[in-house]
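To start, the structure under review is shown below, and the notes come after it.
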Amino acid sequence: MAPDGRILPCTYWPQSRLTLADLSALGERIIEAPEFLAARRIPAACDGCPCRGGCAGRRAVVGGLDAPDPYCPYARKDRIALAWERAAGEDLPKVGSACTTVVSAA
């Protein structure tokens, strides 16, 4: 939710017509509103990409929901090799969030 009461699919989503009244009326069905559907849509250019389109909010802000996330290393053809090790789940309280990427460099 934005400070002005708009309901957003992402903190960075630039515009939404949804309000608290919509959330109250729709409940969990709010995820079928156009804003949420647009946020889940994967651009054709990202079909098969492990990032699945990257950050939809960032794509929306730059005006290109149908384009790859401009910071996606796959779309930019960047290849970064990191030495890493998996952390215990209890050490990663937000790992279930779609907007959270946890990286640990050795």
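Only residues in segment 74-88 that are surrounded by 10 or more Cβ atoms within 10 Å (Cβ to Cβ) count as the first member; pair them with residues that are part of a loop (DSSP other than H, G, I, E, B) and not β-branched (Val, Ile, Thr), Cβ under 6 angstrom, at least 6 apart or cross-chain, and list the lot.
Tyr74/Cys49; Tyr74/Cys51; Ala75/Pro68; Trp84/Ser104
For the subset of segment 20-78 comprising residues that are more than 13 Å from the chain's Cα centre (by Cα) and among the hydroxyl-bearing types (Ser, Thr, Tyr), which member is modelled with the lowest pLDDT?
For segment 20-78, the residue satisfying everything is Tyr74.
Can you tell me which residues in segment 18-30 are without any contact (Cβ under 8 Å) to a residue 12 or more places away in the chain and surrounded by 13 or more Cβ atoms within 10 Å (Cβ to Cβ)?
Leu26
Condition first: within 17 Å of Cys10 (Cα to Cα), surrounded by fewer than 19 Cβ atoms within 10 Å (Cβ to Cβ) and out of contact with any Gly (no Cβ under 9 Å at 6 or more places or on another chain). Now tell me which residues in segment 41-54 satisfy that.
Of everything in segment 41-54, those that are within 17 Å of Cys10 (Cα to Cα), surrounded by fewer than 19 Cβ atoms within 10 Å (Cβ to Cβ) and out of contact with any Gly (no Cβ under 9 Å at 6 or more places or on another chain) turn out to be Cys51, Arg52.
Scan segment 1-17 and report the pairs whose first residue is under 15 Å from Ile31 (Cα atoms) and surrounded by 11 or more Cβ atoms within 10 Å (Cβ to Cβ) and whose second residue is at pLDDT 85 or above and hydroxyl-bearing (Ser, Thr, Tyr), with Cβ atoms within less than 9 Å and a gap of 6+ or a chain change.
Arg6/Ser16; Arg6/Thr19; Ile7/Ser16; Ile7/Thr19; Leu8/Ser16; Pro9/Ser16
The values are calculated or read from the model by the stated rules, or taken from the named source; none is laboratory data. Because the structure is a prediction, the values reported are computed rather than measured. All Cβ positions, even for glycine, are placed from backbone atoms using ideal geometry, and neighbour counts span all protein chains on display.
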